[in-house]
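A.B. asks: Structure provided below as structure tokens; questions to follow.
The values are calculated or read from the model by the stated rules, or taken from the named source; none is laboratory data. Computed from a prediction, not measured in an experiment: that's the story for all the values here. Glycine gets a Cβ as well: all are built from the backbone with ideal geometry, and neighbour counts include every protein chain shown.
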Amino acid sequence: MPDQLLTVQNLFCERDDRVLFNRLGFSVAPGEIIQIEGQNGSGKTTLMRILSGLSRHYEGDIFWRGEPVEQVRDDFCRDLLYFGHQAGVKAVLTPQENLRWYAALSPAINAADIDHALEQVGLRGFEDVPCHSLSAGQNRRVSLARLYLSKAPLWILDEPFTAIDKKGVAAKEALLLRHAQRGGSVILTTHHELGIRGPVRKINLDQCAGTST
Amino acid sequence: MTMQTNSEDLQRQSLSGLFWATCRREYLLSFRRKSDLVNPLIFFLMVATLFPLGVSPEPGFLAQLAPGVVWVAALLSTLLSMDALFRSDYEDGSLEQLLLSPQPLFLVVLAKVLAHWSVTGLALTVMAPLLGLMLFLPAEGMPGLMLSLLLGTPTLSLVGAIGAALTVGLRKGGVLISLLVLPLYIPVLIFGSSAVQAAVTGLPLGGYLALLGALLALALGLAPLAISAALRISMSS
């Protein structure tokens, strides 16, 4: 199905002799927001790492726009924004320097937008402050500024709202919805109750575990 | 046709931009964490200071040992600094972003290693004549010492980075790096210190330098690919 962005078939992953998920299959269409649910240790982060291509410890097939993802790795990386458990923010660099390096890594990003993105996440006035003197939430915000810079259609976000205040979460949810309305897709894990009124689909990993099948 | 050349130009520009952006970032990082910067240099200096105290302060004896001691000290202080190369990127998640970037990984890796070399290996090379003086190395040996270190230390950094990339996912990777990498360091050490010895005795050192250059060319071509592959393996667990 080429109209699907990402298709996952028969995914199986085992960790330390424990089956995390078995025969997991779903597909992500443009404009869809998918929330991965599950208790702690149910394999949410593992799934995110597999989907993004960081981890190869799985069996099954992942297709990107109808092609096996291994064969179109370059196109996939160009179309992917991954927000991991660690924010990827260097403590001794300033928010601006952090994002400038990120812009060099993703050629689609225009470095001139960085100041605007920092303003959007509420870090105006902190552009030149080293990240180690910012709070934990502000550090996450530096990394979340990448969402405002990105032009990638697929966003994979692992716990993006950790340490973010209520107002910030609402702004990010609005951003996710806008991204979906523009035809992008989001796969995210979060323990927050999403306030998005829109095309949110939930996948519960607890039901996919080997023990319950 | 022109469109195509334009996009090729753009791509080349973004690649060299990436290279310099990575170098710039590495310099900023190392100059803001000064302890990491001076640690290998202090170690290098300490070996040369302690050696005469431990062995014998007799100039003729020390002059004989000097080529080997300076080279071993340079090798060990490079090794000492290697563990930190990818460690902080791994811990704060920058490495994940690096691996998922559509840009070629080996280019970023090469920029990182070269930046790392210029604050360790190059600095050691510049400091080496001081150590030579402290160990009574004859003046004829100095050019050989500098040249051999200039050609040898980048190889040490490139090979050490393979070990650092392989062990970055482990909690206590430092010891393992030494075990993995030391056997590969031995040829560099042998040709390096032989070059200095040849320079001291007035023999031609072209052959040794050519061998060091060949090792460097080999490492420059192959190590970035090996480092990239090693990083992917380390991150995939």
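A.B. asks: Out of the residues in region B:78-99 meeting the condition of being part of a helix (DSSP H, G or I) and charged (D, E, K, R), tell me which one is nearest to B:Y185 (Cα to Cα). Steps first, answer last, please.
C.D. replies: Quick first cut of region B:78-99, residues part of a helix (DSSP H, G or I) only: B:78-82, B:84-92, B:94-99.
Still in the list and also charged (D, E, K, R): B:87, B:89, B:91-92, B:96.
Details: B:R87: 21, B:D89: 25, B:E91: 27, B:D92: 30, B:E96: 29 Å.
It comes out as B:R87.
A.B. asks: Another one. Only one of (1) more than 8 Å from chain A (Cβ to nearest Cβ); (2) closer than 30 Å to A:L157 by Cβ is not met by B:Q103, so which one is it?
C.D. replies: It is condition (1) that B:Q103 fails.
A.B. asks: Follow-up. Could you list all residues from region B:32-52 that are over 17 Å from the mean Cα position of the chain (by Cα) and within 14 Å of another protein chain (Cβ to nearest Cβ)?
C.D. replies: B:R32, B:R33, B:K34, B:S35
A.B. asks: Name the residue that is farthest from the other protein chains (Cβ to nearest Cβ), counting only residues in region A:120-142 that are part of a helix (DSSP H, G or I) and within 11 Å of A:Q96 (Cα to Cα).
C.D. replies: Across region A:120-142, the extreme among qualifying residues is A:V142.
A.B. asks: Of everything in region A:10-32, what is out of contact with any Leu (no Cβ under 9 Å at 6 or more places or on another chain) and either in a strand (DSSP E or B) or touching a residue at least 24 places away in the same chain (Cβ under 8 Å) (or both)? Give them in sequence order.
C.D. replies: A:R15, A:R18, A:V19, A:G31
A.B. asks: Right, another one. Give me a count of the residues in region A:38-69 that are within 14 Å of another protein chain (Cβ to nearest Cβ) and either among the aliphatic types (A, V, I, L, M) or out of contact with any strand residue (DSSP E or B) (no Cβ under 9 Å at 6 or more places or on another chain) (or both).
C.D. replies: Result for region A:38-69: 6.
A.B. asks: Confirm whether A:Q71 is surrounded by fewer than 20 Cβ atoms within 10 Å (Cβ to Cβ), free of Cβ contacts under 8 Å to residues at least 40 places away in the same chain and polar (S, T, N, Q).
C.D. replies: In short, yes.
A.B. asks: Inspect region B:80-90 for any residue being within 15 Å of B:T153 (Cβ to Cβ), surrounded by fewer than 20 Cβ atoms within 10 Å (Cβ to Cβ) and at pLDDT below 95 and give the result as yes or no.
C.D. replies: For region B:80-90, residues within 15 Å of B:T153 (Cβ to Cβ), surrounded by fewer than 20 Cβ atoms within 10 Å (Cβ to Cβ) and at pLDDT below 95: present.
A.B. asks: State all residues of region B:5-31 that are at pLDDT below 80 and of a type in the set (A, V, I, L, M); if no residue qualifies, say none.
C.D. replies: B:L10
A.B. asks: With respect to A:R73, is the statement that it is within 8 Å of chain B (Cβ to nearest Cβ) and more than 16 Å from the chain's Cα centre (by Cα) true? Spell out the reasoning first.
C.D. replies: Numbers: within 8 Å of chain B (Cβ to nearest Cβ): no; more than 16 Å from the chain's Cα centre (by Cα): yes.
Criteria not met by A:R73.
A.B. asks: Report, ordered by the first and then the second residue, all pairs with beta carbons closer than 6 Å, sequence separation of six or more or different chains, a first member in region B:6-31 that is at the interface with chain A (Cβ under 8 Å from one of its Cβ atoms), and a second member that is crowded, with 16+ Cβ neighbours inside 10 Å and at pLDDT below 85.
C.D. replies: Listed pairs, sorted by first residue: B:S14/A:P107.
A.B. asks: Just wondering, is there one or more residues in region B:116-135 that are within 14 Å of chain A (Cβ to nearest Cβ), under 20 Å from A:N98 (Cα atoms) and in contact (Cβ under 8 Å) with a residue 40 or more places away in the chain?
C.D. replies: Among the residues of region B:116-135, not one is within 14 Å of chain A (Cβ to nearest Cβ), under 20 Å from A:N98 (Cα atoms) and in contact (Cβ under 8 Å) with a residue 40 or more places away in the chain, which makes the answer no.
A.B. asks: From the residues in region A:79-105 that are free of Cβ contacts under 8 Å to residues at least 60 places away in the same chain, not in a helix (DSSP H, G or I) and not charged (D, E, K, R), which one is farthest from the other protein chains (Cβ to nearest Cβ)?
C.D. replies: Looking at residues that are free of Cβ contacts under 8 Å to residues at least 60 places away in the same chain, not in a helix (DSSP H, G or I) and not charged (D, E, K, R), I get A:T94.
A.B. asks: Among the listed residues A:G25, A:G66, identify the single one that is on the phi > 0 side of the Ramachandran plot and assigned by TED's automatic domain parsing to the domain that holds A:A163.
C.D. replies: Matching residue, one of A:G25, A:G66: A:G66.
A.B. asks: Inspect region B:25-32 for any residue being outside any helix (DSSP H, G or I) and over 20 Å from B:G169 (Cβ atoms) and give the result as yes or no.
C.D. replies: Checking region B:25-32: not a single residue is outside any helix (DSSP H, G or I) and over 20 Å from B:G169 (Cβ atoms).
A.B. asks: Continuing with the same structure: Which residue is surrounded by the fewest Cβ atoms within 10 Å (Cβ to Cβ), if the candidates are limited to region A:106-119 and must be of a type in the set (G, A, S) and part of a helix (DSSP H, G or I)?
C.D. replies: Among those that are of a type in the set (G, A, S) and part of a helix (DSSP H, G or I), it is A:A112.
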